[in-house]
Structures are given as C-alpha cells and as structure tokens.
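Enquirer: I am attaching a structure below and will ask some questions about it afterwards.
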Amino acid sequence: MSDRKPIIAANWKMHHDHLVAIQVVQKLSYLIEKDDFEVVDVVICPPFTDLRTLQTLIEADKLEFGLGAQNCYFEDSGAFTGEVSPVMLKKLNVDYVIVGHSERRELFGDTDELVNKKVKAVLKHEMRPIVCVGETLDEREAGGTNAKVDGQIRAAFAGVKAAAAEQCVVAYEPIWAIGTGRNATPDDANETIGVIRAALRDLYRDSADAMRIQYGGSVKPGNIAELMAMPEIDGALVGGASLDPDDFARIVNWRR
Ligand code: PGA
C-alpha cells in the first residue's frame, strides 16, 4: 500500500437536477460513515446547476464530501457565452474540477492545448484538477496505449510547476471502458497507471509519488475491490454507478 489517500469521485455527467441531487447526497451521507472519510476522499461532481445547492447542503450539514465541477473555461471572465469561469466555481467552494474528460475531448473539441490551459486556470484559483487521460479501442489494439497516455500527460502538465502538480489528481479512463460495462482488467489498469506515473516522475521527480491516479471506466460495486487492491490505483472516477447512492456507497466502502 502506498501512503497516498485514495480518492473516489462521482461523475454524474448530465444527470440529476438540483432537487434530486439533495436526495442523493443526503442518502449518501447516511450510508457513508465518518470513519470512511478518514481513509478515502469522496467527491461529488454534479452538473453546474446543482453546485450551489450541494455547497449549501454540504456546509449546513457539515458533510465531508468534496465538491467538484465537471468542466470549466480557462478565462476568469469575458464574452464567452455559455461558459463557466473558474472564479465562479471557487466562489462556490468547489474543491475539484474534472478537466479533459474524454466526452469533452470527443464531443466538445477539448484539445490537449485547451486541457493544459484549463489545468492551469483551475490551479491558479486554488482548486484541484482531475486530469483525465485514456486511449481509444483502436489505439489499444494498435499497441498505442502507452504513447497516448504519456503524450496526454506531458501536454496537460506543460508549464505546470511541481508544487502545483502535486495538487492534481489524474484519472486513467480507457475510452472503450467508459459506460460500456467493460472495465479494464485490474492488471491492465495498474500497468497503464504505472506508465502515467513514470511520465509524471520524469516531469516531477520529487512530487510524482505523492500524486493520486484514479482508474475510471465501468467501475461498479462488483469490481472496485480488485481494482483498489492494485498498488498503482489510488481511487476511482465513477460515472454510471455513482448515480445510485446505494451503489456509490458500496464502491466507497470497498473495504467492507
Ligand atoms: P462509467 O463512466 O463509470 O459510466 O464508465 C466513467 C467516467 O466517464 O468518468
């Protein structure tokens, strides 16, 4: 076991309005015990429209969930219709921002360069990016997994100093495993996360071992324990199985 504290994050994607969000987080707060938060950081990343509501709930009830956003723009303010600024997220006491999720990259044109700007913007406003990387099925079958994630890491962290990089979380999410019910085997995930950590060591010799790297892609109550048993895997980014509080609580409680 490494001494990195595991981090399990719920990526709700475009699900759960702010009223449903209250019910889900209240239920989670009964299912997840105080002791659990001592051994795992638990983060909820709802849609933007839920953030203020969940901030209020978390603060009023003194819940220990971290609050995360799923994206943001890199400018502080300006004529950018439809975008949300990191300054606005920080004002809502957002702790984490997912950056470079494959759905953003594939459906909304987030390039490596844009991902890098967003990482820097999130760090500038003292939040923690959850930087997503991962290969397509074609890339995996062509033996290109390692080169892909190595390149994405170097691009995302270009110009980011070691002290700032230490604040970041990385999520390895093979694209073919997202929402498909087909997860990477624990050995494969562990191996690729090892490649990611090697790239981080190359960039940040003294900090890389402190950085947490999650696995994401069809994580469920039934496979979380074997994934968490892997030495390189420091947690999970959970999509579909995070929508149901019972399932997500079982994932957070993988040790029981
Ligand atoms: P999934 O999504 O758990 O539904 O596969 C993971 C993600 O996209 O972060």
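Enquirer: Only Lys, Arg, Asp and Glu count, each charged at its Cβ (+1, +1, -1, -1), so figure out the dipole size of the chain about its Cα centre, rounded to 20 debye.
Expert: Numbers: 29 positive and 40 negative charges, 90 e Å.
Dipole size: approximately 440 debye.
Enquirer: Another question about this same structure. At 0.36 nm per residue, minus the direct Cα-Cα distance, what do Asp187 and Leu92 gain on full extension? Give it in nm, one decimal, please. Present the calculation step by step, with values, prior to reporting the outcome.
Expert: Working: separation 95, 0.36 × 95 = 34.20 nm, distance 3.84 nm.
Full extension of this stretch gives 30.4 nm more.
Enquirer: What does the extension gain come out to for Gln26 and Leu107, with contour length at 0.36 nm per residue minus their alpha carbon separation? Please list the in-between numbers first.
Expert: Details: separation 81, 0.36 × 81 = 29.16 nm, distance 3.21 nm.
Going from the current span to full extension adds 26.0 nm.
Enquirer: Of Lys90/Lys117; Lys90/Lys220; Lys90/Lys118; Lys13/Lys161; Lys5/Lys148, which ones are farther than 23 Å apart at the Cα? Intermediate values should be presented prior to the final figure.
Expert: Values: Lys90/Lys117 17 Å; Lys90/Lys220 30 Å; Lys90/Lys118 14 Å; Lys13/Lys161 30 Å; Lys5/Lys148 27 Å.
Check vs 23 Å cut-off fails for Lys90/Lys220; Lys13/Lys161; Lys5/Lys148.
Enquirer: Cut-off under 19 Å on the C-alpha distance; same-chain residues fewer than 8 positions from Lys124 excluded. Which aspartates and glutamates are left, in chain and number order?
Expert: The reachable aspartates and glutamates, counting only those whose Cα sits under 19 Å from Lys124, are Glu75, Asp76, Glu83, Asp95, Asp112, Glu113, Glu166.
Enquirer: Here's something else I'd like to know. Over region 92-155, what is the relative contact order in percent, taking alpha-carbon pairs closer than 8 angstrom and at least six residues apart?
Expert: Values: 58 pairs, mean separation 23.8, N = 64.
Relative contact order here is 37 percent.
Enquirer: Here's another thing I want to ask about it. Quantify, in whole percent, the carbon and sulfur part of the accessible surface of the chain (1.4 Å probe; protein heavy atoms only). Show your work: numbers first, answer last.
Expert: Numbers: 5880 of 11550 Å².
For the chain, the apolar C and S fraction of the accessible surface comes to 51 percent.
Enquirer: Among Val131, Ser77, Gln23, whose Cα lies farthest out toward the positive end of the dipole of region 1-141, if unit charges sit on the beta carbon of Lys, Arg (+1) and Asp, Glu (-1)?
Expert: Ser77
Enquirer: Next up: Given R₀ = 25 Å, FRET efficiency for Asp17-Glu38 by Cβ-Cβ distance, to 0.05? Intermediate values should be presented prior to the final figure.
Expert: On the way: r = 32 Å, r/R0 = 1.26.
That pair, Asp17 with Glu38, gives E of 0.20.
Enquirer: A further question follows. Based on the mean of other beta carbon atoms within 10 Å per residue, what is the order of 63-69, 193-199, most packed first?
Expert: Details: 63-69: 21.3, 193-199: 19.0.
Ranked by mean Cβ neighbours within 10 Å, highest first: 63-69, 193-199.
The values are calculated or read from the model by the stated rules, or taken from the named source; none is laboratory data. Nothing here was measured: the structure is a model prediction, and the numbers come from that model. When we count neighbours, we look across all protein chains shown, and the Cβ atoms used for this are built from the backbone with ideal geometry, even at glycine. Please note that ligands, DNA and RNA were not included when accessible areas were found on the heavy atoms of the full protein model with its side chains. Shrake-Rupley method; radii C 1.70, N 1.55, O 1.52, S 1.80 Å.
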